[in-house]
């Protein structure tokens, strides 16, 4: 039988086999593990928070979903539904025998995120999009602004919503 050389070398320092003392600090692996975990936490926070552009994009998506929901409500209820816009926010209302009543259970308008402003076509921040019982509308062009950025939402006559970043 051939003798294999040993891959393990005995340590000449007898104190090295004793447990590590508390004053020696952290090992490289412990330090790298801690840095890796902190990096993951930081990356997760950055993705969650986003920046002003991301926040405006989310607000535009929320507005588009609300307008689309108003169209769907008009089709389902077979009644006219409108989305009213003001400088403070927007709200959805349904036409009933008693007049226009809030479509949303809360009955309160959805406010704009601080610093946002809306332009409806050439008219300004006030206006409405009305969907008839078949889901059709006259169409509208909305521009939402914040921090020097803007998004256009175009609502077509058949209720489709087109979203586009302005200036890109």
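Within segment 90-99, being more than 12 Å from residue 66 (Cα to Cα) and outside any loop (DSSP other than H, G, I, E, B) holds for 94, 95, 96, 99. Within this structure, residue 113 passes the test of being touching a residue at least 12 places away in the same chain (Cβ under 8 Å), under 18 Å from residue 61 (Cα atoms) and touching a helix residue (DSSP H, G or I) at 6+ places or on another chain (Cβ under 6 Å).
The set of residues in segment 124-146 that are in a strand (DSSP E or B) and within 24 Å of the chain's Cα centre (by Cα) comprises 129, 140, 141, 142, 143, 144, 145, 146. Scoring residue 41 on the criteria (1) at pLDDT 85 or above; (2) surrounded by 13 or more Cβ atoms within 10 Å (Cβ to Cβ) leaves a single failure, condition (2).
Could you say which residue among 80, 102, 165 is within 25 Å of residue 55 (Cα to Cα) and surrounded by 13 or more Cβ atoms within 10 Å (Cβ to Cβ)? Exactly one of 80, 102, 165 is within 25 Å of residue 55 (Cα to Cα) and surrounded by 13 or more Cβ atoms within 10 Å (Cβ to Cβ), namely 165.
For every residue, the table says whether it meets (1) in contact with a helix residue (DSSP H, G or I) (Cβ under 6 Å, 6 or more places away or on another chain); (2) over 16 Å from residue 63 (Cα atoms); (3) loosely packed, with under 13 Cβ neighbours inside 10 Å.
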{"position": "117", "(1), (2), (3)": "no, no, no"}
{"position": "120", "(1), (2), (3)": "no, no, no"}
{"position": "123", "(1), (2), (3)": "no, yes, yes"}
{"position": "129", "(1), (2), (3)": "no, no, no"}
{"position": "132", "(1), (2), (3)": "no, yes, no"}
{"position": "146", "(1), (2), (3)": "yes, no, no"}
{"position": "150", "(1), (2), (3)": "no, no, no"}
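Out of 62, 16, 71, one residue alone is part of a helix (DSSP H, G or I) and at pLDDT below 75. It is 16. Of all residues in segment 134-144, exactly one satisfies the criterion of being in contact with a helix residue (DSSP H, G or I) (Cβ under 8 Å, 6 or more places away or on another chain) and surrounded by fewer than 15 Cβ atoms within 10 Å (Cβ to Cβ), namely 134.
The values are calculated or read from the model by the stated rules, or taken from the named source; none is laboratory data. Quick caveat, the model's predicted, so the values are computed rather than measured. Note: ideal-geometry Cβ built from the backbone for every residue, glycine included; neighbour counts use all protein chains shown.
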